[in-house]
Amino acid sequence: MTSAGARLRALMARGCVTAPFVFDGVQAKLAEAADFEAVYMTGFGTAASFGLPDLGLIGLGEMSANAARIAAAVAVPVIADADTGYGNESNIARTVGLYERAGVAALHIEDQDWPKRCGFLEGKRVIPPDEMVLKVRAAVAARSDPGLVIIARTDALQPNGWDDAVARAKRYREAGADMVFMDGLKTRELVERAARDLDGIPQLLNSWLVTPDEAQAMGFAVYIHLGVMLRHFHDIRVMLEELRDTGRVTVPPEDLSVEPITRLLSGDA
């Protein structure tokens, strides 16, 4: 049986893979039903599902358990946030093992100091690149499935600047990472610059500033899109305010039933 990682690698060989953010099984099933070829388990969303901000307040147990729930819900490959790997290189083997047993196709570890912060927040701190190189090597050595995709993320852009972030990404690739991920690209110009300066290195892009077709043209291997998650939070807030203010929630007539989602969850959709 082909592993999830091998299936993701096959998809990447055909072009850039778009994976929307999800943080539970029903969101993953909806993404799969919408014909997305992969999904991305977000750490931000996973923390939010516990009622917590993405500030390092949940750990390996909660994150790997959520990865297992999502991977069990869908047949498409799951790319998962693994934060900093939850320790130094000695802890990485357990992290990779738990995520691998959870059924994910790929995981990314980052070079932030713990407690970490969401990649788009200010105030991040990063560990020395030599320490992250050891973690990358440990992650690669720990996988039992050679298909599992190890992604090395750098958050050095905000605290250290562009040149250090690019240099780190290149070192992590040289250390054995299958893909690199420069987070915190807040403008289209920075997205384009990452594509140029890391040309030839498989990259994961976290953005809503370009389309999937544009990410493909720029040469990105994987494109994770947080727009659905942000819209999800926005729409729930608006609907709750509508219910508070009017005593009603406007729902299209065709959606006034639990049957469609029940069929989806039952595998009959």
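A short reminder: the numbers here are calculations on the coordinates, not readings from a lab. No experiment lies behind these values; they were computed from the predicted model shown. Positions of Cβ are generated from backbone atoms using ideal geometry, with glycine treated the same way; all protein chains shown enter the neighbour counts.
Taking each residue as 0.36 nm, the span from residue 145 to residue 10 lengthens on full extension beyond its C-alpha to C-alpha distance by 47.1 nm. Dividing the convex hull volume of the alpha-carbon atoms in the stretch 4-225 by its residue count gives 104 Å³ per residue. With a Cα cut-off of under 25 Å and a minimum spacing of 8 residues unless on different chains, the lysine pairs in the stretch 4-225 number 9. Dipole magnitude for the chain: computed about the Cα centre from +1 point charges on Lys and Arg Cβ and -1 point charges on Asp and Glu Cβ, it is near 500 debye. Convex hull volume per residue, computed on the Cα atoms of the stretch 48-101, equals 81 Å³. Take every pair of alpha-carbon atoms less than 8 Å apart whose residues are at least six positions apart; their mean separation over the length of the stretch 1-87 yields a relative contact order of 34 percent. What the Cβ-Cβ distance of residue 131 and residue 162 gives, at R0 = 35 Å and to the nearest 0.05, is a FRET efficiency of 0.95. Taking the Cα centre of the chain as the origin and placing charges on Cβ (Lys, Arg +1; Asp, Glu -1), which of 2, 41, 224 is farthest toward the positive end of the dipole? Positive-end residue among those listed: 2. Take every Cα pair under 8 Å whose residues are at least 6 apart in sequence, average their separation, divide by the length of the stretch 4-225, and the relative contact order is 20 percent. Output the 0 to 90 degree angle, nearest 10, between the alpha-carbon long axis of helix 4-14 and the longest principal axis computed from the alpha carbons of the chain. Helix 4-14 sits roughly 80 degrees off the main axis of the chain.
For a footprinting-style exposure proxy, rank 181, 36, 120 by other Cβ within 10 Å, fewest first. Let's see the in-between values first.
Details: 181 25, 36 20, 120 16.
Ordered by Cβ neighbours within 10 Å, fewest first: 120, 36, 181.
Angle of helix 162-174 to the longest C-alpha principal axis of the chain, folded into 0 to 90 degrees and rounded to 10: 80°. Simple rule: put +1 on each Lys or Arg Cβ and -1 on each Asp or Glu Cβ in the stretch 228-269, find the dipole, and look at 233, 266, 246; the Cα lying farthest toward the positive end is 233.
In this rough spin-label picture, where each label sits 7 Å from Cα along the Cβ direction, the residue 242-residue 266 distance is 2.8 nm. The angle between the Cα long axis of helix 227-246 and the main principal axis of the chain comes to about 30°, on a 0 to 90 degree scale. Taking every C-alpha pair closer than 8 Å and separated by at least 6 residues, the mean separation divided by the residue count of the stretch 132-260 gives a relative contact order of 17 percent. In a reduced charge model with +1 at each Lys and Arg Cβ and -1 at each Asp and Glu Cβ, the stretch 228-269 shows a dipole moment near 140 debye about its Cα centre. The calculated FRET efficiency for residue 1 paired with residue 251, based on their beta-carbon distance and R0 = 45 Å, is about 0.65. With the charge dipole of the stretch 119-217 set up from +1 on Lys and Arg Cβ and -1 on Asp and Glu Cβ about the Cα centre, the Cα lying farthest toward the positive end among the listed residues 184, 144, 195 is that of 144.
Here r is the Cβ-Cβ distance between residue 193 and residue 49 and R0 is 35 Å; the resulting FRET efficiency, rounded to 0.05, is 0.55.
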